[in-house]
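Submitted below is the structure of interest, expressed as structure tokens.
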Amino acid sequence: MQDMSHHHGHGDCNDESHHHDHHHDLPEGVGPRDNLFTRIDRDNVIALNAQDPGKGPEVIKPWDQRLDEDKYLESDADDQLIIRVPFTGAVKLRALLLKTGPGHQSPAKVSIFIEYNNLEHVDFPTISDLKPVQEFDVAQGRDIGEYHVMPAKFSNVTSVTLFFPESQGADTTRVYYVGFIGTFSGERKGQPIITVYESRPNIADHPKITETLPNMQR
């Protein structure tokens, strides 16, 4: 199977050209060199405002399942979605890989945060006010989008938080696959601190639907 991946340069993708890369020289299941799938702490991947928050780890798929559309995350109360991905140690990131959609369910943007932004207790009001380390426009399509980050800003990363602030017109946002390209620097020392996040969205935290609160049945 060949995979056609959209490549995006630094920053806003509107200013970047797209080209396709055929990974035909790679055995199926191996993926591109420096795929960090085995370095992701999948059990502790967390999704906020997802219809099924427990499915957060399911979008962290091995390379040979990257095009699978049976498992996905879909936003719940509105079209905002947060996915927090911890690694088993420090990594140097080069690119984010995404498969989203279909169509208008594709996120309009993805904002990338890393741990030094004090996101241990992240929520929607907080993250909406923070400046991301890097942000990309997300293209519609059934391919894997490859978004190249600025290496100097992602040289010693132990967790990444992805914020999808809105869809491209649909009521919900859907994500099928999240992956990363980079190199592993070393094992994490000690046990990670696991923060308990909201398992169901707090309606008041999602401004797009707060106007419906007076009419909601309690």
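Rule-based calculations on the coordinates, nothing more; no lab input. Only a predicted model underlies this, so the values are computations on that prediction, with no experimental measurement involved. Virtual Cβ from ideal backbone geometry, glycine too; neighbours counted across all protein chains shown.
Quick check on this structure: which one of Ser111, Ser167 is crowded, with 23+ Cβ neighbours inside 10 Å and either free of Cβ contacts under 8 Å to residues at least 60 places away in the same chain or in contact with a His (Cβ under 8 Å, 6 or more places away or on another chain) (or both)? It would help to see each step written out before you state the result.
Details: Ser111 fails: crowded, with 23+ Cβ neighbours inside 10 Å.
One residue alone meets the criteria, Ser167.
Filter segment 62-90 down to residues that are touching a helix residue (DSSP H, G or I) at 6+ places or on another chain (Cβ under 6 Å) and in a strand (DSSP E or B), then give me how many there are.
4
Related question: Specify the residue that is surrounded by the most Cβ atoms within 10 Å (Cβ to Cβ); the eligible residues are those in segment 125-139 that are under 15 Å from the mean Cα position of the chain (by Cα) and touching a residue at least 40 places away in the same chain (Cβ under 8 Å).
Let us first name the residues in segment 125-139 that are under 15 Å from the mean Cα position of the chain (by Cα), namely 127, 132-139.
After this cut, where a residue has to be touching a residue at least 40 places away in the same chain (Cβ under 8 Å) as well, the list is 127, 134-139.
Numbers: Ile127: 19, Gln134: 20, Glu135: 17, Phe136: 25, Asp137: 18, Val138: 23, Ala139: 18.
Result: Phe136.
Considering Gly141, Gly89, Gly101, which residue is in contact with a strand residue (DSSP E or B) (Cβ under 8 Å, 6 or more places away or on another chain), within 19 Å of Arg42 (Cβ to Cβ) and among the small types (Gly, Ala, Ser)?
On the way: Gly141 fails: within 19 Å of Arg42 (Cβ to Cβ); Gly101 fails: within 19 Å of Arg42 (Cβ to Cβ).
Going through Gly141, Gly89, Gly101 in turn, the sole match is Gly89.
Report, by residue number, each residue of segment 143-157 that is of a type in the set (A, V, I, L, M) and outside any strand (DSSP E or B).
Result: Val149, Met150, Ala152.
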